[in-house]
Each structure stands twice: as C-alpha cells, then as structure tokens.
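Data first, discussion second: the structure below is written as structure tokens.
The values are calculated or read from the model by the stated rules, or taken from the named source; none is laboratory data. Model, not experiment: these values are computed from the prediction. Neighbour counts run over all protein chains shown; Cβ positions are idealised from the backbone, glycine included.
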There are 2 protein chains.
Amino acid sequence: MKKLEETISALKYNEAGLIPAVIVDADDKGVLMMAWMNAESLRMTIETGRTHFWSRSRGKFWMKGESSGHTQEVKAVYTDCDADTLVIEVLQHGAACHKGYRSCFYRRLGADGNWEVIAEKVFDPEAVYKEKKKP
Amino acid sequence: MKKLEETISALKYNEAGLIPAVIVDADDKGVLMMAWMNAESLRMTIETGRTHFWSRSRGKFWMKGESSGHTQEVKAVYTDCDADTLVIEVLQHGAACHKGYRSCFYRRLGADGNWEVIAEKVFDPEAVYKEKKKP
C-alpha cells in the first residue's frame, strides 16, 4: 500500500537507519521489551502481524519467537510526537524475555542501590533454547 | 552511595554514553514518552526524584517540566535483561507531551496507512510554552 510505505518512510530513523520499538503487553499494558527496527523490519511486522526486529549485534533480521516460539501478535502500532520512537502493543505468547521472565524489565532499583528481581520466571531458558543464543 | 554509583556505572550506555529511558505512568502503566539519559542525568533523576534527561539536539541536561511545570515524580526504576534500557515509572503532573497530550504516543497506525490521533489535548501548548521550544 502506497500510503503505508510513505508513513513508514516518513519516520525518523537514527544514523544507522534504526528506530527504537517499545513492546507493550496488550493485556496489562506493561512494557515487555525494547528492541530496534529498521524500515524493512517494521514493514515485515505490519505485513505479517508478528514483531520483527533488526539485530544490531548480529546484523540481521529476527522474528521474536523464531527460536522459542514465543511470538508477539501485533495489536496496534503507535508513534510519538517526534516520530522517532514506536510503541507496539502485542499479544505475547509465552514470554518476552530470553532469561525466562514475561517482561525483560524484571529488575527494580532498590533503596540500597542494588537491582532486585521482582518477577518470577515463567519458563526455563535452558530447556527452551537448545543453543545459547538470544531469541 | 557507593553501591548506587556502581549500579549506575554498570549499565550499558551506547557509544555516545546514553541509555534510552521509557517513561511510564504509575497510574495506568501507559507509556508516556521515551528520552535519553546519561549516567549523570540518571543520578540526578534518582537523587532529586524528578526525571532528568540529556538532550542530544541541544547538548544539555533538562529536567522534564522545567518550562511547563509538568514534572514527573519518580516512583520506580527498572532495567532489562541486557541492562541497556530503563523503564521509569512516574507520577505525571500535567502532561508528558509538549504537543499538549498526556502521552507522546497519541497517534496509532490506521488500516489505511495513516497515523490517527487517538487522544485529546489536555493543555494548550501555546499558552504553556511562551517560547517555541521543547519541554
């Protein structure tokens, strides 16, 4: 669709052609994870209805859940006033975090200056990822 | 506090010394905005209990609400599995967006490929910002 192409192109990407995407849970609105997209991975996300990202460390596209089966069904895509950040509301299958937690943000800063784990694991990462790699 | 200093230093900042901070509403958990912090602005945020950011375009610190009075009281700070992103839960006074909306993410992608405004303005930006500048 021509209009969608224009809308995707008009977003503000950084010098590496990337835009941060904050993934939020459509159920409880909690932030699940943050990852980077380029125009092509955003297009794939919209077309397939499954989140796709660009891995800066691996230099390749990845679909969330491609290893773990923990895919994210896209419910809505939002942008901000500057059009340089996305919020994507998803139905999370399984869990978002490769460490086994539902959300990647499972640690809260405590009064003593340490990170405190405030969530419980919902899956065993070793059982889900046979190879040691990020989902 | 020594431990807090270590915790702040141990976060993963990008090549410019910055880390993205997703600001969420402590009331309804919605994402209000995304902005960048360096170690010093995170320290200021924790010490003062008010969000402080680093403006990449202006090359300076700014406290959210310094122009508008729309400050953010910090309720909790979270980090993710990679320790390269922050989520900060805040009590938002007024509104987060300099365009007059409570959240900066006031536009949703429609089926026709256009952004649709899905929120109502809660203040008049022209009345609040005498000079034309970002809060």
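Listed conditions (1) exposed (fewer than 15 other Cβ atoms within 10 Å of the Cβ); (2) away from chain B (no Cβ under 14 Å) are all met by A:Met44, apart from (1). Beta carbons closer than 6 Å, at least 6 apart along the sequence or on distinct chains, pair a first residue in segment B:98-119 that is modelled with pLDDT of 95 or more with a second that is basic (Lys, Arg) and not in a loop (DSSP other than H, G, I, E, B) for B:Gly113/A:Lys3; B:Trp115/B:Arg107; B:Glu116/B:Arg108; B:Val117/B:Arg107; B:Ile118/B:Arg108.
Summed over segment B:47-75, residues that are within 14 Å of another protein chain (Cβ to nearest Cβ), under 21 Å from B:Tyr13 (Cα atoms), surrounded by fewer than 18 Cβ atoms within 10 Å (Cβ to Cβ) and not charged (D, E, K, R) total 2. If I filter segment B:33-47 for residues that are closer than 27 Å to B:Asp124 by Cα, part of a strand (DSSP E or B) and either charged (D, E, K, R) or in contact with a His (Cβ under 6 Å, 6 or more places away or on another chain) (or both), do I get at least one hit? Looking through segment B:33-47, none of the residues is closer than 27 Å to B:Asp124 by Cα, part of a strand (DSSP E or B) and either charged (D, E, K, R) or in contact with a His (Cβ under 6 Å, 6 or more places away or on another chain) (or both).
For segment B:58-75, a residue qualifies if it is free of Cβ contacts under 8 Å to residues at least 60 places away in the same chain and assigned to a loop (DSSP other than H, G, I, E, B), and the qualifying residues are B:Arg58, B:Gly59, B:Gly69, B:Thr71. Identify, from the list B:Ala95, B:Ala83, the residue that is part of a loop (DSSP other than H, G, I, E, B), in contact (Cβ under 8 Å) with a residue 60 or more places away in the chain and of a type outside the set (S, T, N, Q). B:Ala83 is the lone residue from the list that is part of a loop (DSSP other than H, G, I, E, B), in contact (Cβ under 8 Å) with a residue 60 or more places away in the chain and of a type outside the set (S, T, N, Q). In segment A:76-117, of all residues being more than 8 Å from chain B (Cβ to nearest Cβ) and β-branched (Val, Ile, Thr), the one that is surrounded by the fewest Cβ atoms within 10 Å (Cβ to Cβ) corresponds to A:Val117.
At pLDDT 95 or above, part of a helix (DSSP H, G or I) and more than 12 Å from chain A (Cβ to nearest Cβ): does that describe B:Ser9?
no
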